[in-house]
Amino acid sequence: MNITRQIAPDIHWVGVNDRRLQRFENMFPLPQGVAYNSYLITGEKTILLDTVDSSVRDQFIENVAYVLGNRSLDYLVINHMEPDHCGNIEAIVRSYPNVKVIGNAKTFQFFSQYYAMDLSNHAIEVSDGQLLDFGSHKLRFYFAPMVHWPEVMFCVEERNGILFSADAFGSFGTLPGALFSDELDFDTLFLAETRRYYSNIVGRFGSQVHSVLQKLPLDTITMIAPLHGPLHRKEYVSRVLELHKTWSLYAPEQKGVVLAYASMYQNTEQAVEALAFKLGELGVKEMRIYDVSNTHPSYIIADIFKYSHLVLGAPTYNMNLYLPMEALLKELQVLNLQNRHVAIIANHSWASVAKKGLNQLVGAMKNITMIEPQLDIRSTLKRNQMEQLDSLAQAIADSLNSPDAP
């Protein structure tokens, strides 16, 4: 049975929802699965834009065949060579042996690394900015290296102003019967998952994202069609572009505090909890508290990208920083987090290592403002340190209220 939808004159969504996949890239939890988007243009020429993961091949091939009807496929555009999008290139070429495959030099290099099929008789190599005229539809290609792979390119269908954006502007989650952001409750269903997707998958490459945003003809874009998640049109085009501009600059969306802690016997947890309650008394409303041992880091990272301030609490463990906290901070380093205000609560019983480890890892990030005083508690928070805790809470609240805060 085919499951397709026309999204513009002669342009169809032929993707597939995967509600069974548990982890994206075998790392990131997918409580609502993931959508693999693919698009088929049926003008004077038939043009398929990207394929889908091999695990959903049967549904995809049926969708393509249904939309084509009795026509053959003239072209396949490969905007991204990651396996969840290129997993059916061979199947398409076998099904439509006269198809021409459009990509760039790096695209075809990666294809030869993944697959044994010889594409030399099918390949059309395009350059950055090149326009291909297919009669009623024209596609202009924009290279987007390291968003988030080196071969990535976007293309704009110029008649309708549709940006086919590869993995950019995507989201975790399956499509709930509706394809477009304006047809569903985007803020409830997809905003957090869009942020989690960006921060964890693309987050490291903010400068590259910002660069490609600078060269796209944004004033002509009326629809964004990514390879994952909902499509965007109407007011959501500008909204989604603005969000991604903010994220690409590592600027927080809003003022607020993420309190992330590690705790073996609840003592560090209690200190962080006490700080949170003091912040609440001082009028801080936007707070998120996470136990790094119980929450997948992708959710914590997404909120760290969202908010301006970060509190880190962790004990010493085996003469090192508690490992789940170390792993979170190293991941934030890889993702190039910057422009945040950070407070530290460390804990130790006989060797004060956590404080040093927290400062070293945070200090390696760019444009970080450390909030004083830093707490280094011995086993449990005692009454003689409550004044320090009060001072830390006030310093965080003052920083949040400062016009200079991000």
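Read-outs throughout are calculated quantities, based only on the coordinates presented, and are distinct from any laboratory measurement. Note that this is a predicted model, so its numbers are computed, not measured. With ideal geometry, Cβ positions are generated from the backbone for all residues, glycine too; neighbour counts draw on all protein chains shown.
Only helices enter the 222 nm calculation for the chain: every DSSP H run of n ≥ 4 contributes -39,500 (n - 2.57), and dividing by all residues gives -9500 deg cm²/dmol, rounded to 500.
Which far-off residues, 5 or more places away or on another chain, put their amide H under 5 Å from the one on residue 124, with H placed in the peptide plane? Here 101, 102, 103 satisfy the definition. Considering only 250, 39, 115, give the residue with the highest GNM mean-square fluctuation for the chain, with springs between Cα atoms whenever their separation is below 10 Å. Looking only at 250, 39, 115, the largest GNM fluctuation is found for 115.
Over the C-alpha trace of region 257-397, radius of gyration and Dmax come out as 13.6, 38 angstrom. Treating each Cα of region 5-248 as an identical point scatterer and summing with the Debye formula, the log10 of I(q)/I(0) at q = 0.08, 0.11, 0.12, 0.15 Å⁻¹ comes to -0.26, -0.51, -0.62, -1.02. Phi angles of region 339-352 translate, via the Karplus equation with coefficients 6.51, -1.76, 1.60 and θ = phi - 60°, into HN-Hα couplings of 6, 10, 9, 10, 10, 10, 10, 10, 9, 7, 9, 9, 9, 7 Hz per residue; Gly and Pro are given as x.
For residue 293 and residue 159, what does the FRET efficiency come to when R0 = 60 Å and r is the distance between their Cβ atoms, rounded to the nearest 0.05?
Working: r = 53 Å, r/R0 = 0.88.
In this case the efficiency is close to 0.70.
Please determine, in degrees from 0 to 90 and to the nearest 10, the orientation of helix 206-215 with respect to the longest principal axis defined by the Cα atoms of the chain, where the helix direction is its Cα long axis. Long axis of 206-215 versus the principal axis of the chain: about 40 degrees.
Here the label points at residue 207 and residue 6, each 7 Å from Cα along the C-beta direction, are separated by 4.6 nm in the simple model.
Spin-label model, residue 364/residue 98: points 7 Å from Cα along the beta carbon direction are separated by 5.7 nm. Since only 206, 216, 144 are under comparison, the one whose Cα sits farthest along the positive direction of the charge dipole of the chain, derived from C-beta charges on Lys, Arg, Asp and Glu, is 206.
DSSP bridge analysis restricted to the chain gives an antiparallel fraction near 45%, rounded to the nearest 5. The magnitude of the dipole of the chain, with charges of +1 and -1 set on the Cβ of Lys/Arg and Asp/Glu and taken from the Cα centre, is near 500 debye. Neighbours of residue 376 by Cβ distance under 10 Å: Lys/Arg scored +1, Asp/Glu scored -1, total +3.
Against the empirical 2.2 N^0.38 Å scaling, what ratio does the C-alpha Rg of region 235-311 come to?
Ratio of Rg to 2.2 N^0.38 Å for region 235-311: 1.28.
With an a/c value of 1.5 or above and a/b not larger than b/c for the gyration tensor axes a ≥ b ≥ c computed over the alpha-carbon atoms, region 100-168 is described as oblate. Annotation for residue 218 and residue 27: the two label points, set 7 Å from Cα along the Cα-Cβ direction, are 2.7 nm apart.
From Cα pairs below 8 angstrom and at least 6 apart in sequence, can you work out the relative contact order of the chain, rounded to a whole percent?
Dividing the mean separation by the residue count of the chain yields 11 percent.
Starting from the Kirkwood radius over alpha-carbon pairs of region 1-100, derive D by Stokes-Einstein at 37 °C in a medium of 0.692 mPa s and give it in µm² s⁻¹. It would help to have the intermediate numbers written out before the result.
Values: Rh = 13.8 Å.
The estimated diffusion coefficient comes to 238 µm²/s.
As an exercise, take the mean of 1/r over every pair of distinct alpha carbons in region 51-138, invert it, and state the Kirkwood radius in angstroms. Show your work: numbers first, answer last.
Values: mean 1/r = 0.0729 Å⁻¹.
One over the average 1/r among Cα pairs gives 13.7 Å for region 51-138.
Assuming R0 = 51 Å, can you tell me the calculated FRET efficiency for the pair residue 133 and residue 323, based on Cβ-Cβ distance, to the nearest 0.05?
Values: r = 56 Å, r/R0 = 1.11.
Efficiency, from the Cβ-Cβ distance: 0.35.
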